[in-house]
1. What value, in deg cm²/dmol to 500, does the helix sum -39500 (n - 2.57) over DSSP H runs of n ≥ 4 give at 222 nm once divided by the residues of chain B?
2. Highest mean first, what order results for A:41-50, A:111-120 on Cβ atoms within 10 Å?
3. Setting aside same-chain residues fewer than 8 positions from A:Lys37, which lysines have a Cα under 24 Å from its Cα?
4. Just to be sure I understand the rule: take each whole DSSP H helix in chain B, project its Cα atoms onto its long axis, keep it if the span is 18 Å or more and its mean Kyte-Doolittle hydropathy is at least -0.5. Which ones pass?
5. Every other copy gets compared here: list the nm distances from the A:Ile111 label point (7 Å along Cα to Cβ) to its counterparts, shortest first, one decimal.
6. Over all residues in A:75-85, what is the mean tally of Cβ atoms on other chains that come within 10 Å of each residue's Cβ?
7. Using the Karplus curve 6.51 cos²θ - 1.76 cosθ + 1.60 with θ = phi - 60°, what ³J(HN,Hα) values do you get for each residue of the stretch A:20-32, in whole Hz, with x for Gly and Pro?
8. Translational diffusion coefficient, Stokes-Einstein: compute it for the stretch B:38-120 using the Kirkwood radius over C-alpha pairs as Rh, at 25 °C and 0.890 mPa s, and state it as an integer in µm² s⁻¹.
2 protein chains.
Amino acid sequence: MSFREHLQDICQGIDGALACSLMGVDGIEVDTHLAAKAEGLDLRSLLVEYSDLFRSARDSAAGQQTGEMAELALHTEKLVTVARLVSPDYFIVVVLTPGGNYGKARYLLRITAPKVRSEL
Amino acid sequence: MSFREHLQDICQGIDGALACSLMGVDGIEVDTHLAAKAEGLDLRSLLVEYSDLFRSARDSAAGQQTGEMAELALHTEKLVTVARLVSPDYFIVVVLTPGGNYGKARYLLRITAPKVRSEL
(Lines give C-alpha, C1' and ligand atoms only; values in the text may rest on other atoms or scores of the structure.)
Protein backbone atom coordinates (compact mmCIF):
# COMPACT_ATOMS: atom_id res chain seq x y z
CA MET A 1 0.00 0.00 0.00
CA SER A 2 1.45 3.39 -0.92
CA PHE A 3 1.82 6.19 1.62
CA ARG A 4 -0.82 8.16 -0.25
CA GLU A 5 -3.34 5.33 0.10
CA HIS A 6 -2.80 5.20 3.87
CA LEU A 7 -3.31 8.97 4.11
CA GLN A 8 -6.43 8.79 1.96
CA ASP A 9 -7.85 5.94 4.05
CA ILE A 10 -7.36 7.98 7.20
CA CYS A 11 -9.21 10.97 5.73
CA GLN A 12 -12.02 8.80 4.43
CA GLY A 13 -12.52 7.29 7.88
CA ILE A 14 -12.88 10.61 9.71
CA ASP A 15 -15.89 12.92 9.55
CA GLY A 16 -14.56 16.44 9.09
CA ALA A 17 -11.07 15.47 7.89
CA LEU A 18 -9.46 18.10 5.66
CA ALA A 19 -5.99 16.70 5.04
CA CYS A 20 -3.56 14.02 6.09
CA SER A 21 0.17 14.19 5.58
CA LEU A 22 3.28 12.12 6.16
CA MET A 23 6.08 14.54 6.86
CA GLY A 24 9.57 14.76 8.24
CA VAL A 25 10.10 16.60 11.51
CA ASP A 26 12.20 18.96 9.38
CA GLY A 27 8.93 20.15 7.79
CA ILE A 28 9.49 18.44 4.47
CA GLU A 29 6.40 16.66 3.23
CA VAL A 30 6.73 13.05 2.04
CA ASP A 31 3.15 12.80 0.81
CA THR A 32 -0.18 14.55 1.45
CA HIS A 33 -3.81 13.79 0.76
CA LEU A 34 -6.08 16.83 0.64
CA ALA A 35 -9.66 15.78 1.32
CA ALA A 36 -11.36 19.18 1.43
CA LYS A 37 -10.60 22.88 1.35
CA ALA A 38 -10.26 24.89 4.52
CA GLU A 39 -11.56 28.32 3.63
CA GLY A 40 -8.90 30.98 3.72
CA LEU A 41 -6.22 28.55 4.88
CA ASP A 42 -3.31 26.99 3.04
CA LEU A 43 -3.11 23.60 4.74
CA ARG A 44 0.31 22.75 3.28
CA SER A 45 1.85 25.94 4.69
CA LEU A 46 0.12 25.30 7.98
CA LEU A 47 1.67 21.84 8.26
CA VAL A 48 5.14 23.17 7.53
CA GLU A 49 4.63 25.83 10.21
CA TYR A 50 3.33 23.25 12.66
CA SER A 51 6.26 20.90 12.02
CA ASP A 52 8.38 23.22 14.20
CA LEU A 53 5.90 22.59 16.96
CA PHE A 54 5.94 18.81 16.47
CA ARG A 55 9.75 18.82 16.59
CA SER A 56 9.73 20.94 19.76
CA ALA A 57 7.24 18.55 21.36
CA ARG A 58 9.37 15.53 20.46
CA ASP A 59 12.46 17.23 21.91
CA SER A 60 10.67 18.46 25.07
CA ALA A 61 9.40 14.96 25.80
CA ALA A 62 12.87 13.48 25.34
CA GLY A 63 14.50 16.20 27.45
CA GLN A 64 12.14 15.50 30.34
CA GLN A 65 12.64 11.73 30.32
CA THR A 66 8.93 11.18 29.94
CA GLY A 67 9.56 8.62 27.23
CA GLU A 68 9.09 9.07 23.53
CA MET A 69 6.38 11.40 22.29
CA ALA A 70 3.43 9.50 20.85
CA GLU A 71 0.91 12.16 19.87
CA LEU A 72 0.37 15.90 19.83
CA ALA A 73 -3.03 17.51 19.32
CA LEU A 74 -3.59 21.22 18.81
CA HIS A 75 -7.14 22.56 18.95
CA THR A 76 -7.80 26.05 17.63
CA GLU A 77 -11.02 27.90 16.84
CA LYS A 78 -10.98 26.82 13.18
CA LEU A 79 -8.99 23.57 13.10
CA VAL A 80 -7.92 20.51 15.03
CA THR A 81 -4.51 19.08 14.14
CA VAL A 82 -3.37 15.70 15.42
CA ALA A 83 0.19 14.49 14.83
CA ARG A 84 1.52 11.05 15.64
CA LEU A 85 5.18 10.10 15.59
CA VAL A 86 5.80 7.26 13.15
CA SER A 87 9.56 7.09 13.68
CA PRO A 88 11.94 9.50 15.39
CA ASP A 89 12.04 11.56 12.20
CA TYR A 90 8.57 11.24 10.69
CA PHE A 91 5.03 12.18 11.64
CA ILE A 92 1.59 11.47 10.28
CA VAL A 93 -0.60 14.52 10.73
CA VAL A 94 -4.31 14.86 10.21
CA VAL A 95 -6.16 18.17 10.07
CA LEU A 96 -9.89 18.28 10.76
CA THR A 97 -12.66 20.73 11.49
CA PRO A 98 -13.39 21.47 15.17
CA GLY A 99 -16.63 19.50 14.86
CA GLY A 100 -14.86 16.55 13.20
CA ASN A 101 -14.41 13.15 14.81
CA TYR A 102 -11.30 13.68 16.95
CA GLY A 103 -11.53 10.27 18.64
CA LYS A 104 -11.61 8.48 15.32
CA ALA A 105 -8.68 10.56 14.08
CA ARG A 106 -6.62 9.48 17.11
CA TYR A 107 -7.64 5.86 16.61
CA LEU A 108 -6.81 5.77 12.90
CA LEU A 109 -3.44 7.44 13.44
CA ARG A 110 -2.61 4.92 16.14
CA ILE A 111 -3.37 1.89 13.99
CA THR A 112 -1.88 3.31 10.78
CA ALA A 113 1.43 4.52 12.25
CA PRO A 114 2.97 1.00 12.59
CA LYS A 115 1.95 0.13 9.04
CA VAL A 116 3.59 3.28 7.67
CA ARG A 117 6.66 2.74 9.81
CA SER A 118 7.15 -0.73 8.37
CA GLU A 119 7.18 0.80 4.88
CA LEU A 120 9.54 3.74 5.56
CA MET B 1 -13.09 30.01 44.96
CA SER B 2 -9.29 30.20 45.01
CA PHE B 3 -7.18 29.13 42.05
CA ARG B 4 -5.83 26.27 44.15
CA GLU B 5 -9.33 24.95 44.80
CA HIS B 6 -10.12 24.92 41.07
CA LEU B 7 -6.89 23.01 40.38
CA GLN B 8 -7.61 20.55 43.18
CA ASP B 9 -11.16 19.97 41.92
CA ILE B 10 -9.84 19.20 38.46
CA CYS B 11 -7.38 16.62 39.85
CA GLN B 12 -10.02 15.04 42.04
CA GLY B 13 -12.34 14.63 39.08
CA ILE B 14 -9.83 12.78 36.88
CA ASP B 15 -8.68 9.21 37.36
CA GLY B 16 -4.90 9.18 36.97
CA ALA B 17 -4.36 12.93 37.48
CA LEU B 18 -0.92 13.76 38.87
CA ALA B 19 -0.90 17.56 38.90
CA CYS B 20 -2.79 20.62 37.77
CA SER B 21 -1.27 24.04 37.38
CA LEU B 22 -2.25 27.57 36.45
CA MET B 23 0.73 29.15 34.78
CA GLY B 24 1.80 32.04 32.62
CA VAL B 25 2.93 31.34 29.09
CA ASP B 26 6.28 32.72 30.29
CA GLY B 27 6.63 29.53 32.38
CA ILE B 28 5.98 31.19 35.73
CA GLU B 29 3.60 29.20 37.87
CA VAL B 30 0.66 31.02 39.49
CA ASP B 31 -0.48 28.02 41.53
CA THR B 32 -0.14 24.23 41.39
CA HIS B 33 -1.88 21.29 42.97
CA LEU B 34 0.18 18.10 43.12
CA ALA B 35 -2.14 15.11 43.44
CA ALA B 36 0.38 12.28 43.20
CA LYS B 37 4.03 11.63 42.52
CA ALA B 38 5.30 10.70 39.10
CA GLU B 39 8.19 8.37 39.71
CA GLY B 40 11.51 9.81 38.63
CA LEU B 41 9.92 12.98 37.26
CA ASP B 42 9.86 16.51 38.64
CA LEU B 43 6.44 17.70 37.49
CA ARG B 44 7.13 21.37 38.25
CA SER B 45 10.26 21.37 36.07
CA LEU B 46 8.37 19.52 33.39
CA LEU B 47 5.64 22.18 33.30
CA VAL B 48 8.19 24.97 33.02
CA GLU B 49 9.86 23.12 30.15
CA TYR B 50 6.51 22.50 28.47
CA SER B 51 5.47 26.15 28.79
CA ASP B 52 7.80 26.90 25.86
CA LEU B 53 5.79 24.43 23.86
CA PHE B 54 2.45 25.95 24.90
CA ARG B 55 3.69 29.41 23.93
CA SER B 56 4.92 28.12 20.56
CA ALA B 57 1.54 26.49 19.95
CA ARG B 58 -0.30 29.69 20.79
CA ASP B 59 1.95 31.66 18.44
CA SER B 60 1.79 29.07 15.62
CA ALA B 61 -2.02 29.09 15.75
CA ALA B 62 -2.12 32.89 15.64
CA GLY B 63 0.46 33.05 12.83
CA GLN B 64 -1.62 30.70 10.68
CA GLN B 65 -4.89 32.56 11.16
CA THR B 66 -6.56 29.43 12.44
CA GLY B 67 -8.08 31.39 15.30
CA GLU B 68 -7.02 31.35 18.90
CA MET B 69 -5.49 28.20 20.35
CA ALA B 70 -7.90 26.43 22.68
CA GLU B 71 -6.08 23.28 23.78
CA LEU B 72 -2.82 21.40 23.35
CA ALA B 73 -2.37 17.77 24.36
CA LEU B 74 0.95 15.95 24.41
CA HIS B 75 0.96 12.19 24.87
CA THR B 76 4.25 10.49 25.74
CA GLU B 77 5.05 6.97 26.95
CA LYS B 78 4.87 7.98 30.62
CA LEU B 79 2.59 11.02 30.77
CA VAL B 80 -0.27 12.84 29.12
CA THR B 81 -0.25 16.63 29.44
CA VAL B 82 -3.26 18.74 28.46
CA ALA B 83 -3.05 22.53 28.42
CA ARG B 84 -5.93 24.91 27.88
CA LEU B 85 -5.59 28.62 27.24
CA VAL B 86 -7.44 30.61 29.90
CA SER B 87 -6.46 34.03 28.58
CA PRO B 88 -3.83 35.06 26.01
CA ASP B 89 -1.20 34.87 28.75
CA TYR B 90 -2.33 32.05 31.05
CA PHE B 91 -2.84 28.29 30.77
CA ILE B 92 -4.34 25.63 32.96
CA VAL B 93 -2.38 22.43 32.55
CA VAL B 94 -3.18 18.98 33.84
CA VAL B 95 -0.73 16.08 33.87
CA LEU B 96 -2.04 12.53 34.02
CA THR B 97 -0.87 8.97 33.57
CA PRO B 98 -1.25 7.45 30.07
CA GLY B 99 -4.08 5.27 31.40
CA GLY B 100 -5.82 8.24 33.05
CA ASN B 101 -9.14 9.66 31.91
CA TYR B 102 -8.10 11.98 29.09
CA GLY B 103 -11.68 12.75 28.03
CA LYS B 104 -12.60 13.86 31.54
CA ALA B 105 -9.44 15.97 31.73
CA ARG B 106 -10.42 17.79 28.54
CA TYR B 107 -13.97 18.28 29.79
CA LEU B 108 -12.95 19.64 33.18
CA LEU B 109 -10.42 22.03 31.66
CA ARG B 110 -13.05 23.31 29.26
CA ILE B 111 -15.61 24.06 31.96
CA THR B 112 -13.08 25.39 34.50
CA ALA B 113 -11.20 27.75 32.16
CA PRO B 114 -13.98 30.41 32.02
CA LYS B 115 -14.32 30.35 35.81
CA VAL B 116 -10.60 30.89 36.28
CA ARG B 117 -10.55 33.59 33.59
CA SER B 118 -13.24 35.55 35.41
CA GLU B 119 -11.04 35.52 38.53
CA LEU B 120 -7.74 36.48 36.89
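The values are calculated or read from the model by the stated rules, or taken from the named source; none is laboratory data. Note that the structure is a prediction, hence the values are computed from the model and not measured. Here the Cβ is made from the backbone with ideal geometry for all residues, glycine too, and neighbour counts use every protein chain on show. Remember, those area values only see protein heavy atoms, side chains included, never the ligands or the DNA or RNA. Shrake-Rupley method; radii C 1.70, N 1.55, O 1.52, S 1.80 Å.
1. -13500 deg cm²/dmol
2. The peptides rank, most packed first, as A:41-50, A:111-120.
3. Partners within reach: A:Lys78, A:Lys104.
4. The qualifying helices are B:43-63.
5. List, nearest first: 3.2 nm.
6. Taking the mean over all residues of the peptide, I get 5.
7. Whole-Hz 3J(HN,Hα) from phi for the stretch A:20-32: 9, 9, 9, 9, x, 5, 7, x, 8, 6, 8, 7, 9.
8. In µm²/s, the coefficient rounds to 183.
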